[in-house]
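Undergrad: Following this message is one structure expressed as C-alpha cells.
The values are calculated or read from the model by the stated rules, or taken from the named source; none is laboratory data. Keep in mind it's a predicted model, so treat the numbers as computed, not measured. When we count neighbours, we look across all protein chains shown, and the Cβ atoms used for this are built from the backbone with ideal geometry, even at glycine.
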Amino acid sequence: MKFLQCQGSFEGIGRQVGEACRSDIPDLLDRVVAYLLRNTTVGSYKTMRAIALDYADRTDAEWPSASAFLGGLAEGACASHEAIALIAYSEEIASEFIPVPSKCSTLVVPTTRGAVIGHNEDYEPHYFGKMVLLDAAFDGYPRTVGLTYPGQLPNLAGSLNAKGVAIANNSLWPDAQPGRSKQVQHFRASLADDLGEAVEHLAKPPVALTTHYTVAHGPEGQVVSLEVSNPATSEENVSFMTIGHEPFCHTNHVLSLRLKAPDPAVVGANHSLDRLAALKALPRGKLPRTPEAMLDLLSTNDGVVHRTPAQNPTSVTLATVVIRPQTGEIWIRDADPSAERRDWHFVVRPSLN
C-alpha cells in the first residue's frame with residue numbers, strides 16, 4: 001500500500017499519484033486486460049477500449065475535474081490516456097459482461113460515541129498489496145483521507161473528509177446501463193460538504209451501475225443506506241434508509257430496490273448471501289463496538305467475509321476500513337501481511353483542514 005499526502009489542483013494531485021504509481025501501471029494494465037478476457041465475455045481489447053473511452057467522454061462533459069485528475073495521472077505515470085481510462089473504468093466494463101464475483105462487505109454498529117462503520121474492500125487479486133492511501137486537499141474542497149486503486153480515481157474504497165462525510169460502497173450486479181460512471185459519481189460525492197450533497201451526487205441520474213452506498217455525516221450523527229439504480233433496471237431509482245439504533249450490514253445483492261429482473265448476485269451464486277448471513281449471525285453481545293474491535297473482526301481471515309488470494313481466484317480482501325464519523329476518525333489495515341506498515345489511523349476534522 002502506498003501512502004501519499006497531496007494538495008493542489010485535480011491535475012496536479014493526479015500527476016503526483018501517477019508518479020508514485022508509475023512502476024505499477026504497465027503491469028496492472030496487462031493484468032486488468034487479461035483478467036477481463038479470462039473472466040468475462042467482453043471478448044476483445046477493442047471492445048474494452050470502446051467502453052472505457054465512452055465513459056471518459058461522458059466524464060469530460062459531466063465533471064471535467066475528474067478528467068483532469070485522470071489526465072494528470074496518465075502524465076505522471078507516463079501512460080496513455082487510453083490505458084488509464086481502461087483501468088479507471090474497468091468495473092463499468094466488467095459489469096456489462098462478468099459472471100457475478102464476490103465483492104465487498106459492510107457492517108455498521110451504533111455506539112454511544114456514534115456509529116462505527118466497518119468495510120472490507122474486496123476486488124480483483126492483481127490489486128493485492130498495491131492499494132493507494134491518499135490524504136489529499138483538492139483546491140476548493142475539504143481535505144479527504146481515502147483508499148483507492150492505482151490508475152483509478154480517489155476515495156473509491158472508503159473515505160472520510162474534513163466536513164465529516166464518510167462513504168463506503170458495495171457493488172451490485174444488475175447489468176450496466178447507459179449512464180454516469182459510478183467511479184466519477186463516488187469520487188465527487190466523497191468531496192461533499194454534507195450528507196444531502198453526497199447523496200445527491202451518488203443518486204444523480206442516469207446511473208450506469210446499480211450500487212449500494214453507506215453514507216454518513218458526523219456532525220449530524222446520521223448514517224444512511226443508499227441503493228441506486230436506473231429505470232431500465234429497477235422500479236425506482238433510489239432506496240434510502242436511515243440506519244438508526246440497530247446494527248446494519250450489506251454485501252453485494254439488492255436488499256431494497258424492486259428490480260425488474262432477478263438479481264444476478266443470487267441467481268446461481270450464493271457468496272453474497274453467505275457473507276450477509278455471517279455478519280447477521282454475529283451475537284449481539286459480541287458485536288464490535290469500538291473501531292479496534294471492528295478492525296480486528298473484519299481483518300481476521302474466515303474465507304467468507306475475509307478472503308486471501310489462495311482462497312478466491314477472482315476476488316480477495318485488499319484492506320479493511322473502519323470509520324467513526326462523529327469523532328472524525330478513519331482506520332485502515334492493509335490485508336497484505338508482507339506490508340512494511342499495515343495499520344493507519346487519521347483524525348480528519350474541519351479544524352485540521
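Undergrad: Checking the structure you have, find out if any residue of the range 68-83 is in contact with a helix residue (DSSP H, G or I) (Cβ under 7 Å, 6 or more places away or on another chain), free of Cβ contacts under 8 Å to residues at least 40 places away in the same chain and polar (S, T, N, Q). If you could, list the steps in order and put the result at the bottom.
TA: First, the residues of the range 68-83 that are in contact with a helix residue (DSSP H, G or I) (Cβ under 7 Å, 6 or more places away or on another chain): 68-77, 79-83.
Subsequent filtering for residues that are free of Cβ contacts under 8 Å to residues at least 40 places away in the same chain retains 80-82.
Next cut, polar (S, T, N, Q) only: 80.
Yes; the residues of the range 68-83 include at least one that is in contact with a helix residue (DSSP H, G or I) (Cβ under 7 Å, 6 or more places away or on another chain), free of Cβ contacts under 8 Å to residues at least 40 places away in the same chain and polar (S, T, N, Q).
Undergrad: Next up: Hey, any hits in the range 119-141 for a residue that's surrounded by 23 or more Cβ atoms within 10 Å (Cβ to Cβ) and touching a His at 6+ places or on another chain (Cβ under 8 Å)?
TA: Within the range 119-141, one or more residues are surrounded by 23 or more Cβ atoms within 10 Å (Cβ to Cβ) and touching a His at 6+ places or on another chain (Cβ under 8 Å).
Undergrad: Filter the range 116-168 for residues that are out of contact with any helix residue (DSSP H, G or I) (no Cβ under 7 Å at 6 or more places or on another chain) and small (Gly, Ala, Ser); which is nearest to Asn252 (Cα to Cα)?
TA: Result: Ala168.
Undergrad: Filter the range 279-302 down to residues that are buried (at least 18 other Cβ atoms within 10 Å of the Cβ) and either aliphatic (A, V, I, L, M) or modelled with pLDDT under 95 (or both), then give me how many there are.
TA: Matching residues across the range 279-302 total 5.
Undergrad: Related question: Are any residues in the range 304-353 outside any loop (DSSP other than H, G, I, E, B) and in contact with a Phe, Trp or Tyr (Cβ under 6 Å, 6 or more places away or on another chain), and if so, which ones?
TA: Pass one, the range 304-353, residues outside any loop (DSSP other than H, G, I, E, B): 316-327, 329-334, 343-347, 350-352.
Answer for the range 304-353, where residues must be outside any loop (DSSP other than H, G, I, E, B) and in contact with a Phe, Trp or Tyr (Cβ under 6 Å, 6 or more places away or on another chain): Val316, Leu318, Val322, Ile330, Ile332, His345.
Undergrad: Determine whether the range 182-198 contains at least one residue that is at pLDDT 95 or above, hydroxyl-bearing (Ser, Thr, Tyr) and part of a loop (DSSP other than H, G, I, E, B).
TA: yes
Undergrad: Give the number of residues within the range 147-185 that are farther than 24 Å from Ala261 by Cα and either in contact with a strand residue (DSSP E or B) (Cβ under 6 Å, 6 or more places away or on another chain) or outside the structural domain of Val224 (by TED's automatic domain parsing) (or both).
TA: The qualifying residues number 16.
Undergrad: Let me ask something else. Can you name every residue in the range 21-56 that is crowded, with 18+ Cβ neighbours inside 10 Å and of a type in the set (Gly, Ala, Ser)?
TA: Of everything in the range 21-56, those that are crowded, with 18+ Cβ neighbours inside 10 Å and of a type in the set (Gly, Ala, Ser) turn out to be Ala52, Ala56.
Undergrad: Out of all the residues in the range 57-73, which are surrounded by 22 or more Cβ atoms within 10 Å (Cβ to Cβ) and of a type in the set (Gly, Ala, Ser)?
TA: Selection gives Ala66, Ser67, Gly72.
Undergrad: Whether any residue in the range 204-211 is over 18 Å from Lys103 (Cβ atoms), in contact with a helix residue (DSSP H, G or I) (Cβ under 8 Å, 6 or more places away or on another chain) and either part of a loop (DSSP other than H, G, I, E, B) or assigned by TED's automatic domain parsing to the domain that holds Ile323 (or both) is what I want to check. Please lay out each step first, then the result.
TA: Taking the range 204-211 first, the residues over 18 Å from Lys103 (Cβ atoms) are 204-206.
Still in the list and also in contact with a helix residue (DSSP H, G or I) (Cβ under 8 Å, 6 or more places away or on another chain): 204.
Checking the rest, the ones that are also either part of a loop (DSSP other than H, G, I, E, B) or assigned by TED's automatic domain parsing to the domain that holds Ile323 (or both) come to 204.
Scanning the range 204-211, I find at least one residue that is over 18 Å from Lys103 (Cβ atoms), in contact with a helix residue (DSSP H, G or I) (Cβ under 8 Å, 6 or more places away or on another chain) and either part of a loop (DSSP other than H, G, I, E, B) or assigned by TED's automatic domain parsing to the domain that holds Ile323 (or both), so the answer is yes.
Undergrad: Give the range 309-321 a look and list any residue that's touching a strand residue (DSSP E or B) at 6+ places or on another chain (Cβ under 8 Å) and closer than 18 Å to His119 by Cβ, or say none.
TA: Selection gives Ser315, Val316, Thr317, Leu318, Ala319, Thr320, Val321.
Undergrad: If the requirement is being among the hydroxyl-bearing types (Ser, Thr, Tyr) and either within 27 Å of Gly12 (Cβ to Cβ) or touching a Cys at 6+ places or on another chain (Cβ under 8 Å) (or both), which of these qualifies: Ser95, Ser105?
TA: Ser105
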